[in-house]
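The block underneath contains the structure these notes are about, expressed in structure tokens.
The values are calculated or read from the model by the stated rules, or taken from the named source; none is laboratory data. Remember, predicted model here, so these are calculated numbers, not experimental data. Neighbour counts run over all protein chains shown; Cβ positions are idealised from the backbone, glycine included. Quick note on the areas: whole protein, heavy atoms, side chains included, nothing else; ligands and nucleic acids left out. Shrake-Rupley method; radii C 1.70, N 1.55, O 1.52, S 1.80 Å.
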Amino acid sequence: MNPPRSERPLGVALIGTGMWATQISAAAGRAGLRVVTCFSRDAGRRRAFADRTGCGAAPSLDVALDHPDVEAALVLTPNDTHAEIAIACAERGLGVFVEKPIADTVADAERMARACADAGVALMVGHAFRRLGAARRVAQLLADGALGRVVLAEATFSLPGALTPDKWRAHRERNPGGPLMQLGIHHVDTLASWLGEPLAASGRFARVHSEADIDDVGVVTLEMASGSLAAVTGSYVSPKTFAIRLSGTRAVLDYRADFSVWPDATRLDAVTTLELDGAPVEFDERDMLAEELAELARCVRTGARPETGAAEGIAALRAIRGALEGNPGWQPAPR
């Protein structure tokens, strides 16, 4: 006799079988979840993924979501597909994990949030970088007053890649904001976890080097709820870079990771340095992807609210969209 569902690993459907799916599937295993089935539009790709991971390969999204062992979906598809997939999950009573950004537009993100709230299902956004051991240590330093009041934050994130016509990220209409929407938004969320959510944004975006018709660099300036200012920059055409500097009234903190280990997220803390006024700061290494998926399982099973839920995802997306659209400020969304 099978044990009751509450005593079994959370069964998930993985939607979207690109490069990142391998990392998320492995993290799901480390977190104690079971990838039951997968779906992507490319039949060959989904079959190959299923063969590598030992899960099923569903012939359609509906079949994947309707599998009797599936309790939640891991949505790893292009940004502009997130809303419809998440709403389909909510209609079935399934929990949702969606990679960042939460959606392509704030309006779509709000539709997702309403659908999941109305259905009483968990909605988690994959803003995992705030969960790194180094990021958690920074939060502790700030709470302890080690920096005094943070007045300025500077963060940069660059990750080069092939922007060929077959890649959705290489098309301006599907990836507005380019590296800020895909990369810098991680920094926006991490800064929000330390300094309060962004209340105003402005930005400049440009196509400087890429042959693709897309902004390959960008700069976003933010006013945070704490009153501090922040600048977040990103590039698709520069070597891998991941760094944050916080300037306080008492001290300056530098946070830098050797991003050459990417996409192996389990190694990031091991190649990260934190310095407070030049002195090394120790921190514990953590598995950010496994931790967020373990939390997803708890939220699906218990109804708890995820740390990075709809409100946090919308706050980060609103900042990037505000910078793109020239919307200078807004009121914080209710939580």
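Given the criterion under 26 Å from Val208 (Cβ atoms) and either at pLDDT 95 or above or open to solvent by less than 40 Å² (accessible area, probe 1.4 Å) (or both), identify the matching residue among Ala319, Ala333, Ala270.
Values: Ala333 fails: under 26 Å from Val208 (Cβ atoms); Ala270 fails: under 26 Å from Val208 (Cβ atoms).
After ruling out the rest, the residue left standing is Ala319.
Against the conditions (1) open to solvent by less than 10 Å² (accessible area, probe 1.4 Å); (2) within 21 Å of the chain's Cα centre (by Cα), Arg172 satisfies every one except (1).
Taking (1) open to solvent by less than 30 Å² (accessible area, probe 1.4 Å); (2) in a loop (DSSP other than H, G, I, E, B) in turn, Pro263 satisfies each apart from (1). Within segment 235-260, the set of residues being farther than 25 Å from Trp20 by Cα, hydroxyl-bearing (Ser, Thr, Tyr) and loosely packed, with under 15 Cβ neighbours inside 10 Å comprises just one member, Thr249.
Might you let me know whether segment 288-303 holds any residue that is in contact (Cβ under 8 Å) with a residue 60 or more places away in the chain and surrounded by fewer than 15 Cβ atoms within 10 Å (Cβ to Cβ)? Among the residues of segment 288-303, at least one is in contact (Cβ under 8 Å) with a residue 60 or more places away in the chain and surrounded by fewer than 15 Cβ atoms within 10 Å (Cβ to Cβ), which makes the answer yes.
Looking at Ala13, Ala50, Ala64, Ala28, just one residue is in contact with a strand residue (DSSP E or B) (Cβ under 9 Å, 6 or more places away or on another chain), within 14 Å of Val300 (Cβ to Cβ) and assigned to a helix (DSSP H, G or I), and that residue is Ala28.
Whether any residue in segment 65-77 is touching a residue at least 40 places away in the same chain (Cβ under 8 Å) and of a type in the set (Ser, Thr, Tyr) is what I want to check. Yes, the conditions are met somewhere in segment 65-77.
Of the residues making up segment 191-213, at least one is assigned to a helix (DSSP H, G or I), buried (at least 24 other Cβ atoms within 10 Å of the Cβ) and either touching a Leu at 6+ places or on another chain (Cβ under 6 Å) or not β-branched (Val, Ile, Thr) (or both).
Would you please name the residue that is surrounded by the fewest Cβ atoms within 10 Å (Cβ to Cβ), looking only at residues in segment 23-71 that are touching a His at 6+ places or on another chain (Cβ under 9 Å) and within 30 Å of Leu268 (Cβ to Cβ)?
The residue in question is Val36.
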